[in-house]
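Student: Okay, handing you the structure first.
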Amino acid sequence: MPNTDPPSKGLLDGAKEKEALRLSKRKGHNLLVRELCDSDLPALLKLCLGNPQYYAYLGEGPTIESLAAEMGELPPGCAPDRKSCLGFFDVEGALIAVLDLVRGYPVERCAFIGFFMVDASRQGVGLGSRLITRLLERLHSEGFVRVRLAYVEGNEQSRRFWERCGFTVAGIPTEQGAFAVVPMERALP
């Protein structure tokens, strides 16, 4: 993440202002969504360290340096303006979810979810599913027809989550060094 000031980015669409995300009609269910920056790395590390099961499949835990590198990585041939590293913040300003999204990858009308994680204390109550539902609705309204991702092979919690969100396996596992990833995709209505 090369930027050090906290720039804002609208929910999933590249707008340059902060955006509130209303998850339900109940008071207190709004989230602030904005592009993550270097000053968010400690909060991101805390969120990631709270999810040790995910990192057990990778064979190593997160560090500030590894998270900064991952948030700056781009797929081959992808322009930086196609990638968003979004943070979802509660009303107290705590980072409760993170999404790494690349638009137009691997093909023009497809989006790719590179990373999605919800704070462990907020899991199991439908927050992640609601965020992904809103993401898919937004991408569909922008003209995208398909969303792809890959989960770490063996991570059944992740596989079940993405299946509940309507994703299906879309290929064979691909080796990524110490682990393999399983591609999944979902067509947008």
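Student: More than 15 Å from the chain's Cα centre (by Cα) and modelled with pLDDT under 95, is that true of G72? First the steps, then the outcome.
Tutor: Working: more than 15 Å from the chain's Cα centre (by Cα): no; modelled with pLDDT under 95: yes.
Criteria not met by G72.
Student: Counting only residues that are under 18 Å from the mean Cα position of the chain (by Cα) and among the acidic types (D, E), how many does segment 159-189 have?
Tutor: Matching residues across segment 159-189 total 2.
Student: Any residue in segment 167-189 that's within 22 Å of G61 (Cα to Cα) and surrounded by 14 or more Cβ atoms within 10 Å (Cβ to Cβ): show its pairings with residues that are modelled with pLDDT under 95 and hydrophobic (A, V, I, L, M, F, W, C) at Cβ separation under 9 Å, as long as the two are six or more apart or on different chains.
Tutor: From segment 167-189, the pairs are F179/L58.
Student: On to the next question. Applying the selection to segment 106-126, what residues are more than 15 Å from Q157 (Cα to Cα), at pLDDT 95 or above and in a loop (DSSP other than H, G, I, E, B)?
Tutor: R109
Student: Let me spell it out: the conditions are (1) surrounded by 15 or more Cβ atoms within 10 Å (Cβ to Cβ); (2) part of a helix (DSSP H, G or I), and F144 meets all of them except one. Which number is the exception?
Tutor: Status for F144: all satisfied but (2).
Student: May I pose another question? Would you be able to tell me the number of residues in segment 158-175 that are closer than 24 Å to Q123 by Cβ and in contact with a strand residue (DSSP E or B) (Cβ under 9 Å, 6 or more places away or on another chain)? First the steps, then the outcome.
Tutor: Keep residues of segment 158-175 that are closer than 24 Å to Q123 by Cβ, which gives 158-169.
Retained after the next criterion (residues that are in contact with a strand residue (DSSP E or B) (Cβ under 9 Å, 6 or more places away or on another chain)): 158-159, 161-163, 165-169.
Residues that pass the stated criteria total 10.
Student: Could you grab me the full set of residues in segment 52-63 that are exposed (fewer than 13 other Cβ atoms within 10 Å of the Cβ) and assigned to a helix (DSSP H, G or I)?
Tutor: P52, Q53, listed by residue number.
The values are calculated or read from the model by the stated rules, or taken from the named source; none is laboratory data. Predicted model only: the values in this text are computed from it and were never measured. Quick reminder, even Gly has a Cβ in these numbers, built from the backbone with ideal geometry, and neighbours come from all protein chains shown.
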